[in-house]
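Just so it is clear, none of the values below were taken in a lab; they were calculated from the coordinates. Only a predicted model underlies this, so the values are computations on that prediction, with no experimental measurement involved. Cβ sites come from the backbone with ideal geometry, for glycine too, and all protein chains shown count toward neighbours.
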């Protein structure tokens, strides 16, 4: 029973040093399209069982999330990366303590000088971000206020799609997340550029925290380190820096979010905004 207390997938897309033990399970993401199958044959592939491995160029580590949802059995499940781990090593013996009074364990939050929406636009293209917001509010009108608070009026994310939670709670989240993302596939025009084609991974990076806010779930945060046993966080955090960032955010966001009308007009001409994707 103890060996199935908690399982944390470690997403890997190329051969590298990766931590593994009875809890941390390396998984080769995107194996269905990979050229590194022989070098990584000792790992579980996300192309086994019920999977979306061929979608990895667009979904990134979310193909490991999907694999965990459909194939992993444990009381607690989680996800980290071969170069991204929670600073506290998670074991079958300490997981109950770590998760006490928490529904989700997430990576320590990162704050921006812009809204979450504007940060995504700066990282990607505005059309893809408008489509995400448009259809989220169209499909989930009851969550509109929470979405606006997070997306337009907030400047905080929990990065890297990393998490730990009870499997039954994760199953509910994953069903909701992938249902929405699969629907967006009907309207998104995937780019050929490597950075831009990762759009579904970017969407997912925002849906975990959003799900917690919508359902009033308790979040616990831990810093991210490069390897189990390291102490130095990858993302530096200080209250002074966060305070200064918050002041800049309030100034930058003082007029609220204004979409580029040319973007909206173009999407209407392309007949992207009136699709029935239920």
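Points to keep in mind about this one:
- Rounded tilt (10° steps) of 62-71 against the dominant C-alpha axis of the chain: 50 degrees
- Listed from fewest to most Cβ neighbours within 10 Å, the set 165, 212 follows the order 212, 165.
- Computed over all pairs of different Cα atoms, the Kirkwood value for the hydrodynamic radius of the stretch 180-278 is 17.9 Å.
- Crossing angle, helix 167-184 versus the chain [Cα axis fit, 0-90 degrees, rounded to tens]: 40 degrees
- Nearest-0.05 FRET efficiency for residue 91 and residue 274, computed from C-beta distance (R0 51 Å): 0.50
- Rh (Kirkwood; distinct C-alpha pairs) - the stretch 47-194, Å: 17.1 Å
- Full-stretch length increase - residue 38, residue 71 - with 0.36 nm per residue and alpha-carbon distance subtracted: 9.6 nm
- Against the chain, whose longest principal axis is taken from its Cα atoms, helix 126-139 shows a tilt of about 80°.
- Computed Rg/Rh of the chain, alpha carbon atoms with Kirkwood Rh: 0.96
- For the stretch 1-72: rounded, prolate or oblate by the Cα gyration tensor [a/c cutoff 1.5]: oblate
- The stretch 102-145 shape via C-alpha gyration tensor axes, a/c threshold 1.5: oblate
- Helical runs (DSSP H, four residues minimum) scored at -39500 (n - 2.57) apiece and divided by the length of the chain put the mean residue ellipticity at 222 nm at -11500 deg cm²/dmol.
- Choice from 84, 198, 244 showing the highest fluctuation, given a GNM over the chain with Cα pairs closer than 10 Å: 244
- Most fluctuating residue given options 19, 150, 140, as computed from a GNM of the chain linking Cα atoms under 10 Å: 140
- Residues considered: 181, 213, 247. Largest GNM mean-square fluctuation over the chain, using C-alpha springs under 10 Å, is found at 247.
- Spatial separation of Cα centroids for the stretch 244-268 and the stretch 148-222, in angstrom: 21 Å
- Given R0 = 22 Å, the distance between the Cβ atoms of residue 242 and residue 102 translates into a calculated FRET efficiency of 0.55.
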